[in-house]
Amino acid sequence: MDKISVVINTYNAEKHLQQVLDSVKGFDEVLICDMQSTDSTLAIAKQNDCRIVTFPKGNHVSAEPARTFAIQSAKNPWVLVVDADELVTEALRLYLYHHIKQPHCAEGLYIPRLNQFMGKTMRCAYPDYQLRFFVRDGTEWPPFVHTFPIVKGKLEYLPRNNKELAFIHLANDDIRTIIEKDNRYSDNDVQKKANKHYGTGALLFRPFWRFCKCYLLEGGWRDGIHGLIYAGFKGIYQFELVSKHIEKNKK
């Protein structure tokens, strides 16, 4: 019961994959769940002796529809889900193995993540907790963007004051990529919240609140111009999302 499988969902993930695989070499199994990549993703996975399973890409905009399949394909009772642009520190690996040896340990752990934006590690985007470590049996992941798995059992948060226990998020998207992703993700969010009915109040309040929360409450102001732009895009995403809900309901 003290073995851990690392599960990585991939689709054309060659950019950071070798770095990611180097960071998870100390685990008992590394499973790649690939969504029919057309670049060198599979070649890199094979060179690193990863176990590979395939999930049809279809018209999915993210890895979430393949998450449950990937988790249940793992061989070991504990699973660490790592994105193909995230690094696992040695301190985090040791912490996880220590955790599962404790009696009555939590069945799921929220892990903090360090994020970059415009070349800067963002203080306002930390701790950005992700529920990524859990027991395999009984865990299911909803097939929508920006969702967490449903884990049967007790959940705990890793301490936020020790950044050595955080994922290191290598993604450093430019503005064009962020706009493209937000467009795709908001489409998916509209499907996820199909029963929502927003009006003019939400169109005004939600973007304003999300900007203020990110810039003022979460400390975006400490990140200078990066924080201002970052918070702005948080607000814009909410405006886009509510607008799409209104458009859908009007039709």
Open item on the list: With equal scatterers on the alpha carbons only and no solvent term, can you work out the Debye log10 of I(q)/I(0) for the range 176-222 at 0.30 1/Å?
Closed with: -0.97
Open item on the list: Run through the range 1-85 and list the trypsin sites (Lys or Arg not before Pro) located in a DSSP loop whose Cβ has at most 15 other Cβ atoms within 10 Å.
Closed with: LYS3, LYS25, LYS57, LYS75
TODO: Name the long-range amide H neighbours of ASN76: under 5 Å, sequence gap of 5 or more, or other chain; modelled H, no Pro or chain starts.
DONE: SER5
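How long is the gain from ARG123 to GLU29 if the chain were fully straight, where each residue apart is worth 0.36 nm and the alpha carbon distance is subtracted? Intermediate results must be reported in sequence, preceding the final value.
On the way: separation 94, 0.36 × 94 = 33.84 nm, distance 3.25 nm.
Computed gain between ARG123 and GLU29 is 30.6 nm.
Please work out the Cα convex hull volume for the range 94-180 and give it in Å³ per residue.
Details: hull volume 9.8 nm³, N = 87.
Looking at the range 94-180, the number lands at 113 Å³ per residue.
Can you check what the Kirkwood hydrodynamic radius comes to for the chain, Cα pairs only, in Å to one decimal?
Kirkwood radius, the chain: 19.4 Å.
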- [ ] Would you kindly derive the ³J(HN,Hα) couplings of the range 85-94 from the backbone phi angles with the Karplus curve 6.51 cos²θ - 1.76 cosθ + 1.60 (θ = phi - 60°), listing them in order in whole Hz, with x for Gly and Pro?
- [x] 10, 10, 9, 9, 6, 5, 4, 5, 4, 5
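Compute the accessible area per residue over the range 86-126, keeping the other protein chains in place, probe 1.4 Å, unit Å². All intermediate terms of the calculation are to be shown ahead of the outcome.
Details: 1780 Å² over 41 residues.
Roughly 43 Å² per residue, with all protein chains present.
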Task: Using alpha-carbon coordinates, inclination of helix 224-250 to the longest axis of the chain, degrees - done: 80 degrees
- [ ] Run down the lysines and flag those whose C-alpha is under 25 Å from the C-alpha of LYS15, throwing out any fewer than 8 positions away in its chain.
- [x] LYS25, LYS46, LYS57, LYS120, LYS163, LYS181
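Per residue, how much space in cubic angstrom lies within the convex hull of the C-alpha atoms of the range 196-251?
Details: hull volume 3.2 nm³, N = 56.
Spelled out: Cα convex hull of the range 196-251, divided by residues, is 56 Å³.
In the structure shown, do any of LYS213/LYS244; LYS3/LYS152; LYS152/LYS244 have a Cα-Cα gap over 30 Å, and if so which? Walk me through the numbers on the way to the answer.
Details: LYS213/LYS244 22 Å; LYS3/LYS152 19 Å; LYS152/LYS244 34 Å.
Beyond 30 Å between Cα atoms: LYS152/LYS244.
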Open item on the list: Could you report the range 1-82's accessible area per residue, 1.4 Å probe, as an integer in Å²?
Closed with: 44 Å²
Open item on the list: Suppose we keep just the DSSP beta bridges with both residues in the chain; what percent of those would be antiparallel, to 5?
Closed with: 40 percent
TODO: Compute the acute angle (0 to 90°) between the alpha-carbon long axis of helix 200-212 and the principal axis of greatest extent of the alpha-carbon atoms of the chain; round to the nearest 10°.
DONE: 60 degrees
Open item on the list: I'd like the carbon and sulfur percentage of the solvent accessible area for the range 62-197, probe radius 1.4 Å, heavy atoms only, ligands and nucleic acids excluded.
Closed with: 50 percent
TODO: May I ask for the angle, rounded to the nearest 10°, between helix 175-192 and the longest principal axis of the chain, with both axes built from Cα atoms and the value confined to 0 to 90°?
DONE: 90 degrees
Open item on the list: What distance in nm lies between label points placed 7 Å from Cα along the C-beta direction at ARG160 and LYS248?
Closed with: 3.0 nm
Open item on the list: Based on alpha-carbon centroids, what's the gap between the range 208-247 and the range 102-141 in Å, whole number please?
Closed with: 22 Å
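The values are calculated or read from the model by the stated rules, or taken from the named source; none is laboratory data. This one's a predicted model, so the numbers in the text were calculated from it and none came from an experiment. Quick reminder, even Gly has a Cβ in these numbers, built from the backbone with ideal geometry, and neighbours come from all protein chains shown. Areas reflect the complete protein model, heavy atoms only, side chains present, ligands, DNA and RNA absent. Shrake-Rupley method; radii C 1.70, N 1.55, O 1.52, S 1.80 Å.
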